[in-house]
Each structure stands twice: as structure tokens, then as C-alpha cells.
Amino acid sequence: MSVQEYLDKHMLSRKIEDAVNAAVRAKTSDPVLFISNHMRKAVPSVITKIKARQILDSRGIPTVEVDLHTNKGMFRASAPSGDVTGMYEAVELRDGDKGTYLGNSVTRAVKNVNEKISEALIGMDPTLQSQIDQAMIDLDKTEKKGELGANAILAVSIAACKAGAAEKEVPLYKHIADLSGKTNLTLPVPAFTLISGGKHSGSNLAIQEIMVLPVGASRFAEALQMGSETYHHLKAVITEKYGEHGCNVGEDGGFAPNISSVQEGLDLVKEAISRTGYNDRIKIAIDVAATAFCIGTKYDLDFKSPNRSGQNFKSGEDMIEMYKELCTEYPIVSIEDPFDKEDWEHIKYFSSLGLCQVVGDGLLMSNPKRIERAIHESTCNALLLKINQIGTVTEALEVVKLAKDAHWGVVVSHRSGETDDSFISDLSVGLATGQIKAGAPCRGERLAKYNQLLRIEEELGDQAVYAGEDWRLT
């Protein structure tokens, strides 16, 4: 295309003339800057360049970062990653060369972005999120995004979403709300990880996390304060009982004292809450991640204790009785993955008791088919949304709609392998999920999410609404 053809196609001669006239009328002191800004608004934005690279996540493991360019600027995003990849989730593409990053390099995924995805998306309107995501899905041609890599596709999808918000000149959370048809922007209740166990720490605790939810806060800033204060009181409680070595932390920032029973961990958290004086304004949630210690049809709560492993097997019925006791003795309002990912029978029965919110993570894998089955069978009543398990922003919005239409709770979640990308903060506000799980109130990659929520609340001002006691927003 010649210069004249380009000018004619975009009617730039007329737009340049309009920009000059506007600068004259405004009597601007910097006409070049004025005209430049005027032209940016006058010319519709398109994707002009996409560049990917390999970076390291919070665990020191490679992941994909993408810079997506439009005439509005450059927009950066990165893909998170989990410890375990399930058979029902989108596929991360890794190189597999054990001689480089122990096989975890993502140079193939990066190459796919820089060559195949880039070529397909250049020239597209960044506000058309569903079309961008569908173009990548069509290019991949596999059910679980195994050809291009879900890590490649997701990083581009998030970057495009940020570019779309910039084109519309609205905050990212507002753009996400528009994409999903939402109007009720809501700051979520954070589920702060206080104690890490399971595969997230080296302690003997079988369950993966003990969390606190400041449901009694009046705004998100107060919730963050309550979570932080409880965290530091817990550090003092652990130090008094186990010494300073008990304050080592797991991958998501939770303390990892060498305890072996969930009751012992809950007692520590209960004491920390008591010391804050917040009492009933803070509730407790646990992530059991029971698949990690399910052997056949039994659950080994001592699987991390070599000398005792195999001596404390519990049946599904035993686990239900344990959960009943825990919900009676402690202010537990949510339990995630209380049984193995294929133990639909016991999860369904436990959910039917109505003791607390029952969250499906490994059970669902953010997979629409699994979610539809769980809704049909009334298996659980909340979705843990991990966007890298499904692979695009559009598909994430679709599964959240599925869950919300079924009157489920939705928890937007981080992964163990995180970056400083705070996209899930805007996602939780724009989708009004009411809940976010982003780790402990420490470590930079976790605080990136919580600090972004502070900024959003500040930006919304008097219009800011914190989910609080209505945290399930069903």
C-alpha cells in the first residue's frame, strides 16, 4: 500500500486538518503534542505488533510474557502457572529439554506467539476480545490448546484485554465488566493465606492452605489491614510456640510451621484472630486439596510424615465427620476440594449438608464440561477460577456466567507460580465475583494483586462497594 493509499483509506488528510484546527481553537502552548493526542483519539486502534519473551515466575520457573502494541501504546501481560497440571485443563507448552531449566523452558510457546499468533492478530481491533480469542483458538485447533500452548494464548489474551480498555479509555475492570455485561462493580473479599501446607510447603500438614476472610470490613482497604495484622499476630503466635524457624513461608507466602494436624493449624489462626480483636469480623476458609493425599478410596492425612504415613487412613465418611467437627469448632465458611477430584459422591453429599461454601478446584479445573456436570448433579456450590486452566479471557467470562447463573459463588484465584501481573484483581472487580484468593499479605507477586485492588477502590471513590458480608454474591 502506498502512502497516498494509506492516507485515503483512513481519511487521514481530513483528520490531520481537523486536528490542526482543534489545536488553533484551543490556543495550545504545545501544538505538536496536542495534534498527536488528537490523532490518537481520531484513528481507531489496531494491533500493530506482538512480542513475546521468556521470563521467570515467582518460583524461578519460566513462563511467557507478551508485549502487545497498538497505536495507543504497549500493553504487557504474563501467564501464571500452577504446581499441578490436571488432565481436564488447558495445556502449558514447555520445551521438555532437561538440560535447560530442567525441561521447563517455554521458548516454543514464545516462538508461537512471535510467529503464528502475531501474524494472525496484527490489524485486529483490540476491543473485540471474543474475536481475538477465537482467532487464537481456531489457529490452535486442539481442545486443550496444546499446539500453541495455553501459556502463549493466555498471555496474548490478557494483553489484548488491557489494550482494549485503553482504546475505550476506561479502566481495565470497567472494560471487563462491559465484556461480561456486568454493571455492579464490586471489590472482592480477599482470602488471605496464613498457613501453607500440602504441596505448597515443606511442613507435615496435609491440607494445602488455611485462609482468613475479613467479611466484617467496611471497605477493601480495611480488609487488607485486617488481613495484614492477623498475619503478623500469627507470626508472633508461631514464634512463641515453635521458635523463629516455624515462620518459614510456603510458595504463596503462608507460614509453614512443622505441624501435622489441621486442628493444630486452625488453633494457631484462631489465636491470631483473637489477638487482633476483630473476632467474628474474620472468618476462616481451608483448601484441603485432598487429591494430593487420596490413595484409592482412602485419604492419608499423614502422607507427608514418613514415619506415620499409612497409619491414619480415613474413608470419605470419616472425612465428612471431620469436616462437620471443624465447622462446629471453628468459624469456617468455605472448604475447597474436600475430596479427590473424582470423588463426586462424597463432595455432593457434603455440599448437601449446607455447612459452608464448597469450592471446586481440582474437581472442576475451570473446565466448562466439568462445571456443567457439577451444576446438573449439585456437586458443589462455588467455582475456583484459574484463568490459565481455561486459557483465554473470553472463556473465563463464559464459565463465570455458567457458575453465576447456577447461583454459585466464584473465587478468582492466583497460582503458585505468579508474576507481578495484577490482571486478576481487575477481573474480580469487573465480574463482581465477591471473592479473590491471591495468597498471603506478603511477597511482591501476591501484593501486586491486593495493592491493585486498593488503587481500584481509591479510583471508584464514593462508588466503591466492598462485598463484605455478601461475599458469595450469588
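Per-structure values
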| item | result |
| --- | --- |
| Bridge type composition, the range 270-384 - antiparallel percent by DSSP, nearest 5 | 30 |
| Stokes-Einstein diffusion coefficient of the range 260-362, Kirkwood radius over Cα pairs, 25 °C, 0.890 mPa s, in µm²/s | 170 |
| Formal net charge of residues neighbouring Val106 (Cβ-Cβ distance under 13 Å; K, R +1; D, E -1) | -1 |
| Around Ala403: net Lys/Arg minus Asp/Glu count, Cβ-Cβ under 12 Å | +1 |
| Whole-number D in µm² s⁻¹ for the chain, Kirkwood Cα-pair radius fed into Stokes-Einstein, 20 °C, 1.002 mPa s | 91 |
| The chain, helix-only ellipticity at 222 nm - DSSP H runs n ≥ 4, -39,500 (n - 2.57), divided by all residues, nearest 500 | -13000 deg cm²/dmol |
| Accessible surface of the chain [probe 1.4 Å, protein heavy atoms]: carbon and sulfur percent | 50 |
| Rounded to the nearest 10 Å², the accessible area of Ser352 at probe 1.4 Å | 80 |
| Extension gain from Ser315 to Ser274, taking 0.36 nm per residue of separation minus the Cα-Cα distance | 11.4 nm |
| DSSP beta bridges in the chain [antiparallel fraction, %, rounded to 5] | 60 |
| Folded to 0 to 90 degrees: helix 220-242 orientation relative to the chain principal axis, Cα | 40 |
| Sequence ranges 142-150, 185-193, 281-289, ranked by mean other-Cβ count within 10 angstrom, highest first | 185-193, 281-289, 142-150 |
| Those trypsin sites (Lys or Arg not before Pro) in the range 163-225 that DSSP places in a loop and that have at most 16 other beta carbons within 10 Å | Arg219 |
| Accessible area per residue in Å² at 1.4 Å probe, computed on the chain | 42 |
| Counted charge near Lys449, where neighbours are those whose Cβ lies closer than 10 Å (Asp, Glu -1; Lys, Arg +1) | -3 |
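The values are calculated or read from the model by the stated rules, or taken from the named source; none is laboratory data. As the structure is a computational prediction, the values presented were derived from the model and not from experiment. Every residue, glycine as well, gets a Cβ built from its backbone with ideal geometry; the counts of neighbours run over all protein chains shown. To get the accessible areas, we keep the full protein, side chains included, count just its heavy atoms, and leave off ligands, DNA and RNA. Shrake-Rupley method; radii C 1.70, N 1.55, O 1.52, S 1.80 Å.
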